[in-house]
Amino acid sequence: MTTLDLNLFARAADDVERTQYQILSGLQQAHKDFEEQRIYPHLGQLVALYTSIQTIIDRSDSYRNATTGEATGVDWKAGALQYKWPELEDDELSTVRALMEWALPRIQEAIEEGRSIYEMVEDNFDVETVGIVPSYVQEGYVLVPDREVHRLHVLRYTVSIFTKEDEQYRTLRTEHCKSIDQFGVDTHPSTIKLEMVDERKDLPNPATYMFNTDLAVPYEPTLLPVAKRTLMRHLAQEEGWA
């Protein structure tokens, strides 16, 4: 399977048609997975690629080398502009830019398809607080049902803060604790919370959230990533995080 990233465009000047074929092949796989309601990893990768390409195109005209007046280059690994592009001649640079402009609407089309699935799943998620919410919510449990196999997944979450360029960001990490079969019966969330308190003594009063949904969509590539982002947004609203 073709990996859609900036490295494809970095090598494009050698064989444009081959690169176009690789891009279309990667997008075809993304569309196929979207049809099966599997949105990750494709959606995140496509959004990152689209953003990098659009930034390069938008800025390439305005970024010039002050000495030579020549167009600047690209740090392909970082997806950012730089002030030298020794590997490509002017005609090759034009070829790569033309390929980027050709690819953008096709990537955008795939992104919109993936986003529509994401939004559908998100709209059918209902977040329920299990018991009393403690003052400390940076750690706790989240319960996510997998209707395809009638199973409830219990995950422990941790919210961490990291600093980048003098800005603070929060990230949410999850650890799978266990799965509970629910054929014919749904275990009450409060019972599961009490079981986790008994099994893991380091969280005697954990914040616990239950996701309710009737959707039978893939768990790993769809339900779980949407649930994690939804939980992060719910916690931010609940705690007034910036």
Review point. In segment 140-153, what residues are surrounded by fewer than 23 Cβ atoms within 10 Å (Cβ to Cβ) and either more than 21 Å from the chain's Cα centre (by Cα) or among the small types (Gly, Ala, Ser) (or both)?
Key: Arg147, Glu148, Val149, His150, Arg151, Leu152
Check your understanding: Among the candidates Leu215, Leu223, which residue alone is open to solvent by less than 90 Å² (accessible area, probe 1.4 Å) and part of a loop (DSSP other than H, G, I, E, B)?
Key -> Leu215
Check your understanding: Exactly one of (1) under 26 Å from the mean Cα position of the chain (by Cα); (2) closer than 20 Å to Thr174 by Cα; (3) in contact (Cβ under 8 Å) with a residue 60 or more places away in the chain is unmet by Ala110. Its number?
Key -> (2)
Revision key, fill the gap. If we ask which residues in segment 155-170 are part of a strand (DSSP E or B), open to solvent by 60 Å² or more (accessible area, probe 1.4 Å) and free of Cβ contacts under 8 Å to residues at least 60 places away in the same chain, their number turns out to be 7
Exercise for review: Return a yes/no flag: does segment 132-154 have any residue that is in contact with a Cys (Cβ under 9 Å, 6 or more places away or on another chain), outside any loop (DSSP other than H, G, I, E, B), modelled with pLDDT of 95 or more and closer than 27 Å to Asp33 by Cα.
Suggested key: yes
Practice item. Could you tell me which of the residues Leu215, Leu203 is closer than 25 Å to Arg115 by Cβ and touching a residue at least 40 places away in the same chain (Cβ under 8 Å)? Key: Leu215
Review point. What number goes with the only condition from (1) assigned to a helix (DSSP H, G or I); (2) open to solvent by 50 Å² or more (accessible area, probe 1.4 Å) that Arg173 does not pass?
Key: (1)
Exercise for review: Please specify each residue of segment 177-203 satisfying the condition of being of a type in the set (Asp, Glu) and open to solvent by 90 Å² or more (accessible area, probe 1.4 Å).
Suggested key: Asp181, Asp186, Asp198, Glu199, Asp202
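The values are calculated or read from the model by the stated rules, or taken from the named source; none is laboratory data. Model, not experiment: these values are computed from the prediction. No Cβ is skipped: glycine too gets one built from the backbone with ideal geometry, and neighbour counts run over all protein chains shown. When the accessible area is computed, the model is the full protein with side chains, heavy atoms only, and any ligands, DNA or RNA have been set aside. Shrake-Rupley method; radii C 1.70, N 1.55, O 1.52, S 1.80 Å.
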